[in-house]
Structure formats: structure tokens, C-alpha cells
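I am attaching a structure below and will ask some questions about it afterwards.
Readers should treat all values here as calculations from the given coordinates under stated rules, not as data from a laboratory. Predicted, not measured: the structure shown is a model, and the values here were computed from it. Heads up, the Cβs are rebuilt from the backbone with ideal geometry, glycines too, and the neighbour counts pull from every protein chain shown.
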């Protein structure tokens, strides 16, 4: 019954907003009216996204429910739908994502720091900026081609966790850089100047003032980037992760598979029983993403500083 | 240890960090060189057999059929329609969401809604692809009976939904970075909230919003799985969103996963096509960077 | 210590780290010695058509031997051969024979291969269940429908056979890059990849099933395995190849007709290629023998059709003798018999 009460509250607020300006001049009422329109347009936009999410998640939950049992998580894939599980897939996802973040985040943050704090606006850094913006727009599948050529062939890493993590790290690097740059730009210069005025060196200012201030926004960028990496399929297909694997990686040199690829594999199978497996896989995937987001939000709240 | 030793050590450490950071920054150039190297070698071999003119101006793309035509325009048309529809959906919705979250919503509401929106960006593209094919297309077919099973409209809309949180989140961060002093100045001059938003906050956050927009477009152009699943595999030179088309990215996936021997002209088409996409995106981004720099505002 | 020294030191450290990562890459995934029983990995890759069979064999094999891990990739027949000829995989799944360019690449890297047929794949032609007028199709009619010249011209069922209604003809098929499409066009139109372009193509056969089952005027083709799983949504069409020697009249694809060789020309053999070097490994040779052993049981389970008679025995002999080379002149051919494949060389 909460939503009936919620609806009542919204409705009362709406009527209140209209009556509040009853005795005011027409231009105030018009402004207030447009204000309402903008507000509700915003709410509806968000609601649209939320509805889509609910439909997606709900449908996956309904279809996948019969398979969401413990043995689904502890079984390897199989040609028999009722025995096929996601063990190798979710373990592989965790291996790849953790490694990918370890590679991409330091590199990305350092690059953004260089561009914002260390470089003067000369030609070289302009080239760098354009370069990064360009990389952000490269289709994920081209990173797959690059990963294949660089990690799998040139560095002879084979279709290993390391190759997969590296490919994904290259993919999300521009996102991390761009988001970090925006975060760093948002830190007011007065903060930096105050720090310098007190005698701090450049790195001290960055480490003690700028980074902590920009941290929540940097985290937003990292969350979006890592969430994207979790769901990426195409580049990993290119490096050969579309594979039946019935064992867990023991080292970063071992072959692997990830959840989205396992789901993709199951949806293409002729036996209809696999759609339940695929739906259950989707639920798990969304669950992992939710967890990543929740952890990041908690971190963001803890370290939120008001500038 | 004397004070001057401590200062010396710190200066050394500082410099070491600076070198490390510079190295990190140039890694991005190494990546670009890598991409160009990988693409270039095969592209050159491709163009030894197919003329650049035919490639860029031909209107038919049939490299996998026995009667081979290598005009890439149909693939670009496919990418253009799907990305265009995606941006038409994502930009207004994303911007309005951002405005609502940063200007109108209470902190508690915002802290609940923002993460929910971010999850939209995390949904795997495979899921979105099947969502487009099996839910959105039948739904649209009821509204538009002539809509075929594979089309550009359905993946376009779904891509827009996927990009929405990118635009919303980054625009919102940009809006929140606008100092309150600017807003308060606007209110002091008698503006209502929406007037403040559209004449002060949004223009002030313009560089961040443009950055969000560019990132969104890039994402749409480069998206692979959603179009591979829901848009079809029929390259055609059209702007009609109701018929099957093929985009650059779904073509690359199709050939990579298929049975073409990897040392053949057909296989090399993916490099040629990828290279063209890469260069096109490059020119687009140069334009974007220039625009951004013109409008960037530095506070205080 | 001055600035140059520090810069140099950092660059050297970074390079050393990089070298460290790279030099760990000598241990590749076929480095286990046959004597000691440590965990070993067998790498298989290639066609998505052969994948279900190899996966089934791998799954059961790993249950019998927990020290051997088998990975089965789906890079496509072409992608599989590239990796195979680069020495990255031990076994290549292939829905078509090795092409001459690929054979040359293998020769250049000194990789000998043993070609083993493992099953038949039947291509089924299907229409909507409510399609009452079609009870058979001849190869000539199929060619009329699918040849390049038909684009824009053969648009209704009455264009195919005058006695049929003039419902619109909607075509569905696998994408132009799949082996299934290559084979169908070669068998029906006479030239590989020669086809009209205006059909609904999809790499995902489930999508084709959905398309055909919702469209009364639909006609499509794909692997028999997908038909078997969706019998209630589709109507199978018997095909008449006009040759009385291998079965007169229109033949429905089934276990018997494909195995017996009467469902022509739309049945094709599918293969695995085992590298000579890998065959010398004890675990790989055990795996291949297990494969050929269990094929009669597992192949039908995943929707394909077993080879006739004692073909598997003869394949096992061929493997034991490590006979290298391909029976094909370097490309797919229509109507090759199993005897020809197994007796070559």
C-alpha cells in the first residue's frame, strides 16, 4: 500500500504547488508552472529508465527462477541444460574484472593527473587529449582485434585471463581517464592555490588535496567503466573466450570464460531448456553489477566531501 | 636526518612520480599506435585488391557472396541510423534526468535514483540485444505493422536506453560542479528555478555535458552486440529505420565468428571497415574537442 | 642523483617488469610431458556446427579422467584453422574441409594434420506449419528461389510453381559467412556463396526458427538439430534432387536418409583435424580415440547423424596410422562419400 500513499503525497504536492502561487502575479505562476513541467519531465525520464530495468530484471527472474539454485553456481557448463551451471563463468568474470581494474585504474588516473596537473597546454598534451577522446569512441570489437594481435599473438599470452583482462583494460581506459579528468577539473583552483600557498609541493597538493576532493567523482567514473567491462562480450569473443571450459583458472595464464559469453552461448542453443539457464545467468550478472555499484556507492558516501 | 636531506629526498621522490605519470600518459599513445598498426597492415593489403574509390562510394556491400561488391556506404548508413535514433532517445531523457537529479531532487531521492540509473549502463549488451529482438520489436510491431523482425528502430531505442545513464551521470556531475554562487546570483536577480537551470547552470556545465554527449555518441557508434542481435545482417543503403540493416560493428562480428579463412580478401574487409570507422570517429572527435575547448568555463 | 638518473632508473624498472611478464610466456598450454601425470590441457577450437559434438565428448571424457582438461572454442571453421596452423590448438573442429590456403599455412609452419570425419549434418528446408501447399521441393525449384537472379524477381510462391498461391515468399537463412550458407549455395545454386541478397539472415538459428514460425509465407533452411528441437513450430519439406540412383522422389531428412546417403545434396560431413604433434601426446590420442568410440552414442544425442557402417572403426584405424593430409582438393565438395575420405592416401 506504500505506493498508494506515495501517489497521494505526489498529488498533494502538485496541487499545493499550484495553489501556493494563487495570489501572485501571472509571471510567477507561469514560472512555477513551467518549473513543475520540468520537474515532472525529469522524473518521467528517470522513471522510463527504471521501468525498463524492472521489466528486464523481472522477466529474467521469472524465466530463470527454476534454475537459481546452489548447484547452478557450483556446476560447470554441460550439454544437458538441467546440469549446466555457471561455475567457470562467474569465477572467470571475477578473475578478469579484478585484474582489469588493477590494470586500468592506476594507468587511467595517472594519465588524467598528467593532463590536468602536470602538463602545460602545449601541442603534445593537446594531441594526447584528442587521442584519448578518440580511443573512447573506438568500437569494442576493434579492441578485440588489438587484444588478439597484441596480447594473444605478440606477447604470446594465449587466450588467458591476462589477455582478456588486458583487452578489457584497454577498452575501459579512456572512460576512466575522461571521467577522472572531469572530476579533477571540478576541484576548484582555490584548493590547489591554498595548498601551494602553505608551501606544499605539487605531488603533496595532488595527493592530500586534489585527489581526496575529486575521489567521489573518480569513483563514479570507475564504477561506470568496470560495470561496462563486466557486460562486454564482443572483444572477449575475438580473443577466444567463447569456449566450453569445465575447470577453474589456477593462474592468470589459464583459459577462461565469463558470464555474458556463457549467456550468449546458451541463448543460441536449440534446446529450449537453455533459455531458463540463460535467464538465470542474466540474473546473476545483474546481481554482480548491483553489488559492485552498491559497494561503490557506500564508499562514495563515506568519503564524500563538501567543497 | 637534516631538513635539507628530507627536502632533497622528497624532491627526488616527486620527480620519480612525475616520470611515472608521464610514462603512464604516453601509454595511451602506444595503444593508438597499436590499433593503427594492427588495422593498417591488413587494410593496405585489402586496398591492393579493391580500389579506394569503389570502397568509399560504392552502394552495395556483398563481400561474402560470390558476386562481390565492396561499397561500404550501406554499413555506414546502418551505423548512422541506429546511432542517430539512440541519441534522439538518450540526449533529452538523459539531460532531463540529470537536471532533475542535480537541481530538483532531494538528496535522499537522488541517492536512491542515481545508482538505479547507473545500473542501466551495466546491463550486458547481450541482454539488451535479446530485449530489443524479443520484447521491443514485437511491441513496436503492434504500433507499426510494417515493421520487420529485424530493423534499426528497435536496437536504436534500446541503445538509447543503454546510453541514458552515461549522459545522465556525467551531465549531472558537470551540473553539480557549477558553483552555488552562480546559482545564487541568478536567483538574486529574480530567476525561477527552471530559468536558472536553462540560462545559468546548463550553459555553465556545457563542457561537461558536451563531453557526456560525445561519449554517448561514441558508445552508440561502437556498440556491437545489440545491433548484431536485433538489427539484422542485410547491408543496405537506406535511412528507413523499419527494415533490416547491417552496421559496421555487426559485420565485423559476423565475419570474425564465421567460417571465412583468415588470410583472405573477405576477412581483410573487417580491417578496412574498422580502419574507416576509426578514422571517421577520429575526425568527429577532433571536432568535438575543438568545440569543447571553445566553451569550457573555468570557475573562480 | 640527478633528474636524468632518476628518469633512467624508472624507465629501466618499467622495462624489467614488462620483460618479466613477457618471459613467463614460454610455458604454453601444450607443455606438459607425457610421462608424468600432471594436469594437462587439450585445446580444441573451430566450427560452431561441430562444437556440440566435441563439447559432449569433452564433457564425458573429463568425467572419466580428472587430470585432463579440455577446452572447446567457437571461433568458426576459418578462425579455428588459423589457430590450428599457428600451433595454438591441438584439434580443429571444421564444418568443411581445409582449404588450400589454410593447408599451405599449415605446411609453412610444419603442422601435419589428420583429417577425421565425425558425423553428418543435415540441412533441413522448412516452412510455416500452416503452409499447406508445399509438399515437396525440387533442387531446381530451390535454385530458382535462391539464385542471385531471383532477387527482386521471385517474390511470391506462385513464381516458383504456378499452381501455388500468390502469397508473398519470405526467405530466412543463416548469415553469408556461415559454413551452412556456403554449403547450401554450393549444393543448390551450384556456386559457393552465390545467392540473392534479400533474405532475412541470422547467425542465431533460434531467431530463424522464430521468424519462420511466425510468418505464413516463410521458407528457410538451417541445421537439422534446430528443427528437431522445434518440431511443433515448423514444417519440414522433403527435397527431390532428381537423381534416381540415390533414392527416387522427394526425401525427408532423417537419421536414416542422411546416413544412408539418400537425402542429397543437403547432407554434408563434418570433421575434426588433429595435429600430428598433438597426436603424439598420450592424453590427446586417448581423447581422439574416445571421441570416435563414443560418437555413435553422442552424435545423435546432440542432433547430428552418425556415419554409416563401420566408418568410425576405419576412422580409428586412420588415426592409429597417423595418416596425414586431406582427401579434398582444397575446398568443400558436394556429395563426397565417407569411403573416399577414409581411404585417401
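For peptide C:170-177, compute the average count of partner chain beta-carbon atoms within 10 Å of each residue's beta-carbon.
Average neighbour count from other chains, rounded to a whole number: 6.
Continuing with the same structure: Against the longest alpha carbon principal axis of chain C, how many degrees, from 0 to 90 and to the nearest 10, is the axis of helix C:311-320 turned?
For helix C:311-320, the angle is close to 20 degrees.
Okay, next question. How much of the calculated P(r) for region A:2-67 lies past 19 Å, in percent of all Cα pairs?
55 percent
So for the protein assembly as shown, considering every pair of alpha-carbon atoms, how many percent are separated by more than 56 Å?
Across the protein assembly as shown, Cα pairs with separations above 56 Å total 16 percent.
Quick one: Cα centre-to-centre distance for region C:120-181 and region A:186-264, in angstrom?
Centre-to-centre distance over Cα atoms comes out at 51 Å.
Return a whole-number percent for the relative contact order of region B:166-300, with Cα pairs under 8 Å and 6 or more residues apart as the contact set.
Relative contact order comes out at 25 percent.
In addition: So how many Å³ per residue does the convex hull of the Cα atoms of region B:1-58 work out to?
Dividing the Cα hull volume of region B:1-58 by its residue count gives 80 Å³.
Something else about it: Show me A:291-297, C:305-311 ranked by packing, highest mean number of other Cβ atoms within 10 Å first.
Highest mean packing first, the order is C:305-311, A:291-297.
A follow-up question, please. What FRET efficiency, computed as 1/(1 + (r/R0)^6) with R0 = 60 Å and r the Cβ-Cβ distance, is obtained for residue A:62 and residue C:9, rounded to the nearest 0.05?
Computed FRET efficiency for residue A:62 and residue C:9: 0.50.
Quick one: angle between helix C:76-85 and the longest Cα principal axis of chain C, in degrees between 0 and 90, rounded to 10, please.
For C:76-85 against chain C, the angle is about 30 degrees.
May I ask for the angle, rounded to the nearest 10°, between helix B:153-176 and the longest principal axis of chain B, with both axes built from Cα atoms and the value confined to 0 to 90°?
20 degrees
Follow-up question, since we're still on this one. Based on the alpha-carbon gyration tensor of chain A, what equivalent-ellipsoid semi-axes (square roots of 5 times the eigenvalues) come out, in whole Å, largest first?
Each semi-axis is the square root of five times an eigenvalue, giving 40, 34, 16 Å.
I need to check one value: relative contact order of chain A, counting alpha carbon pairs closer than 8 Å and at least 6 residues apart, in percent.
Dividing the mean separation by the residue count of chain A yields 25 percent.
I want to check the label-to-label distance for residue C:321 and residue B:69. Put each point 7 Å from Cα in the C-beta direction and report it in nm to one decimal.
With each label point 7 Å from Cα toward Cβ, the separation is 5.1 nm.
Mind sorting A:170, B:279 by how few other Cβ atoms lie within 10 Å of their own Cβ, fewest first?
Least crowded to most crowded, the residues run B:279, A:170.
Continuing with this model, one more query. Which residue fluctuates most in the GNM of chain B (Cα springs below 10 Å): B:93, B:140, B:20?
Maximum among the listed residues: B:20.
Using a Gaussian network for chain A with springs between C-alpha atoms less than 10 Å apart, which of these wobbles most: A:140, A:190, A:78?
Highest fluctuation among the options: A:190.
If the chain between residue B:240 and residue B:135 were fully stretched, how many nm would it gain, using 0.36 nm times the residue separation less the Cα-Cα distance?
Result: 35.7 nm gained on full extension.
Let me ask something else. Count the DSSP beta bridges whose two residues both fall in the protein assembly as shown, then state the antiparallel fraction as a percent rounded to the nearest 5.
Of all bridge pairs located within the protein assembly as shown, approximately 65 percent are antiparallel.
Is the shape of chain B best called rounded, prolate or oblate, per the rule: a/c under 1.5 gives rounded, else a/b larger than b/c gives prolate, else oblate, with a ≥ b ≥ c the square roots of the Cα gyration tensor eigenvalues?
oblate
Shielding of B:281-290 by partners, i.e. mean partner chain Cβ atoms within 10 Å per residue?
Across the residues of B:281-290, the mean count of other-chain Cβ atoms within 10 Å is 4.
So if I take the centroid of the Cα atoms in region A:54-133 and the same for region C:62-103, what is the distance between those two points in Å?
So the separation of the two Cα centres works out to 28 Å.
Moving on. Could you list A:282, C:154, C:284 in order of exposure, starting from the residue whose Cβ has the fewest other Cβ atoms within 10 Å?
Neighbour counts put them in this order, fewest first: C:154, C:284, A:282.
Now for a different question. Who wins for biggest fluctuation among B:129, B:222, B:13 in a Gaussian network model of chain B, springs between alpha carbons below 10 Å?
Of B:129, B:222, B:13, the Gaussian network model singles out B:13 as fluctuating most.
Hey, what did region C:89-180 get for relative contact order, percent, Cα under 8 Å, at least 6 apart?
For region C:89-180, the relative contact order is 19 percent.
Another question, if that's okay. Using Cα centres only, tell me the gap between region C:208-267 and region B:177-243 in whole Å.
Cα centroid of region C:208-267 versus Cα centroid of region B:177-243: 51 Å apart.
Now for a different question. In what sequence do A:53, A:168, A:70 fall when counting other Cβ within 10 Å, fewest first?
Ordered from fewest to most neighbouring Cβ atoms within 10 Å, A:53, A:168, A:70 come out as A:70, A:53, A:168.
Need one word for region B:1-135: rounded, prolate or oblate. Basis is the Cα gyration tensor (sqrt eigenvalues a ≥ b ≥ c); a/c below 1.5 gives rounded, then a/b vs b/c decides.
Oblate is the answer for region B:1-135, as a/c is 1.5 or above yet b/c matches or exceeds a/b.
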